[in-house]
1. Looking at the structure I just gave you, is residue 65 at pLDDT 95 or above, touching a strand residue (DSSP E or B) at 6+ places or on another chain (Cβ under 7 Å), among the aliphatic types (A, V, I, L, M) and buried (at least 16 other Cβ atoms within 10 Å of the Cβ)?
2. Take the residues in the stretch 24-54 that are under 9 Å from the mean Cα position of the chain (by Cα) and part of a loop (DSSP other than H, G, I, E, B); name whichever of them is nearest to residue 76 (Cα to Cα).
3. Among the residues of the stretch 1-23, what is the count of those that are farther than 19 Å from residue 74 by Cβ and either in a loop (DSSP other than H, G, I, E, B) or open to solvent by less than 70 Å² (accessible area, probe 1.4 Å) (or both)?
4. Checking the structure you have, find out if any residue of the stretch 55-76 is within 10 Å of the chain's Cα centre (by Cα) and in a loop (DSSP other than H, G, I, E, B).
5. Considering only residues that are basic (Lys, Arg) and loosely packed, with under 14 Cβ neighbours inside 10 Å, look in the stretch 26-61 and name the one that is nearest to residue 15 (Cα to Cα).
Amino acid sequence: MSKIPYSKTVLTYTDQLLQLKNRGLKVENETKALHLLENISYYRLSGYWYPLLADKLTHTFKPDASFETAFKIYCF
């Protein structure tokens, strides 16, 4: 069985947060956001910020989307 090469690079938690901000997600409390990324994980939270995306192909967020809103959806 041959392995398929993985082309994505590993991102640090800080880089993950920067990527989210570059895609338009508002982050008011960066310390809390980093803590949540470290303890819950980017991929676990990504399902909860999916409704906040304006474009699902480019992964850009709606103008009013915030990390806090995504976390509230996760908590619900």
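1. Working: at pLDDT 95 or above: yes; touching a strand residue (DSSP E or B) at 6+ places or on another chain (Cβ under 7 Å): yes; among the aliphatic types (A, V, I, L, M): yes; buried (at least 16 other Cβ atoms within 10 Å of the Cβ): yes.
Against the criterion (at pLDDT 95 or above, touching a strand residue (DSSP E or B) at 6+ places or on another chain (Cβ under 7 Å), among the aliphatic types (A, V, I, L, M) and buried (at least 16 other Cβ atoms within 10 Å of the Cβ)), residue 65 qualifies.
2. 41
3. At the first step, the residues of the stretch 1-23 found to be farther than 19 Å from residue 74 by Cβ are 1-12, 14-15, 18, 22.
Retained after the next criterion (residues that are either in a loop (DSSP other than H, G, I, E, B) or open to solvent by less than 70 Å² (accessible area, probe 1.4 Å) (or both)): 1-12, 15.
Number satisfying all stated conditions: 13.
4. yes
5. To start, the set of residues in the stretch 26-61 that are basic (Lys, Arg) comprises 26, 32, 44, 56.
Checking the rest, the ones that are also loosely packed, with under 14 Cβ neighbours inside 10 Å come to 32, 44, 56.
Working: 32: 15, 44: 17, 56: 20 Å.
Residue satisfying both the conditions and the ranking: 32.
The values are calculated or read from the model by the stated rules, or taken from the named source; none is laboratory data. Since the structure is predicted, the reported quantities are computational estimates derived from the model, not experimental observations. In this analysis, Cβ positions are derived from the backbone assuming ideal geometry, glycine residues included, and neighbour counts consider all displayed protein chains. Just so you know, the surface numbers come from the protein's heavy atoms only, side chains and all, with ligands and any DNA or RNA stripped out. Shrake-Rupley method; radii C 1.70, N 1.55, O 1.52, S 1.80 Å.
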